[in-house]
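Scroll down for the structure; my scribbles are underneath it.
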Amino acid sequence: MSPSPAQQSASRLNGAASFGPVTAEGKARSSQNARKHDFFTSTALLPSEDRAQFDELLAAFTEEHQPATFTERRYVREMADAEFRLMRVRNSITQIQWKTMQAFENPTEAAAEAFDKLANEGKSLQLALRYERHFQRQFDSALKTLLQLKRQAAATHRAKAKQAQADHLKALEEYFLSPTPGELYGYGDEPLQNEPANQPNRC
């Protein structure tokens, strides 16, 4: 049953009066609900980092790999996350080394001295290098899985196309080679009812 004009009018008024949550708590819950359903909201960025830079990286990977399913998009996103964090770690390694170099007076030996100091005395460089290896493995694993998914999808597509072609050929074969009703029941060459049989031509 369709709503009456009065019900429609009441619905419009209720909708116009609703502006969403007004309390801070309600707005926070609403924000969390939106984030829960936005499966591709950035999780790789720190507050000081540029969202546009991440979006550009994600767009480049998406353009290159052309994900066709939700799962494929998930692994493309995993690659972008890993690559972005990898760039962050490598930038941190550079900053750590540069900061340590400032303690040495001889600029020609500062790089080597800083590396030696960090390798033997500090843990920050070792930790950063461990993170670098971790994010590189994360990227490689996501890429490997993505390529495997695309190979499986291509194989499934080829199998379906091959089966469809076989079904089409079988249907054509059945259509052209199956006997006609006259051939089945033996009336194909008989004259129709009340139709005179062909008489020999007499001169």
Evaluate segment 116-124: report whether one residue or more is at pLDDT 75 or above, part of a helix (DSSP H, G or I), of a type in the set (S, T, N, Q) and over 30 Å from the mean Cα position of the chain (by Cα).
-> yes
Tell me, yes or no, whether segment 159-182 has at least one residue that is part of a loop (DSSP other than H, G, I, E, B) and modelled with pLDDT of 75 or more.
-> yes
Please verify whether segment 26-48 includes one or more residues that are part of a loop (DSSP other than H, G, I, E, B) and either modelled with pLDDT of 85 or more or basic (Lys, Arg) (or both).
-> no
Which one of these is within 30 Å of Thr156 (Cα to Cα) and either free of Cβ contacts under 8 Å to residues at least 24 places away in the same chain or surrounded by 14 or more Cβ atoms within 10 Å (Cβ to Cβ) (or both): Gln126, Gln95, Gln66, Gln102?
-> Gln66
How about segment 62-93: which of its residues are over 16 Å from Phe139 (Cα atoms) and either more than 14 Å from the chain's Cα centre (by Cα) or part of a helix (DSSP H, G or I) (or both)?
-> Glu63, Phe70, Asn91, Ser92, Ile93
For segment 147-155, does any single residue satisfy the condition of being more than 25 Å from Ala82 (Cβ to Cβ), at pLDDT 85 or above, in a helix (DSSP H, G or I) and within 25 Å of the chain's Cα centre (by Cα)?
-> yes
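The values are calculated or read from the model by the stated rules, or taken from the named source; none is laboratory data. Given the structure is predicted, the values throughout are model-derived calculations rather than measurements. No Cβ is skipped: glycine too gets one built from the backbone with ideal geometry, and neighbour counts run over all protein chains shown.
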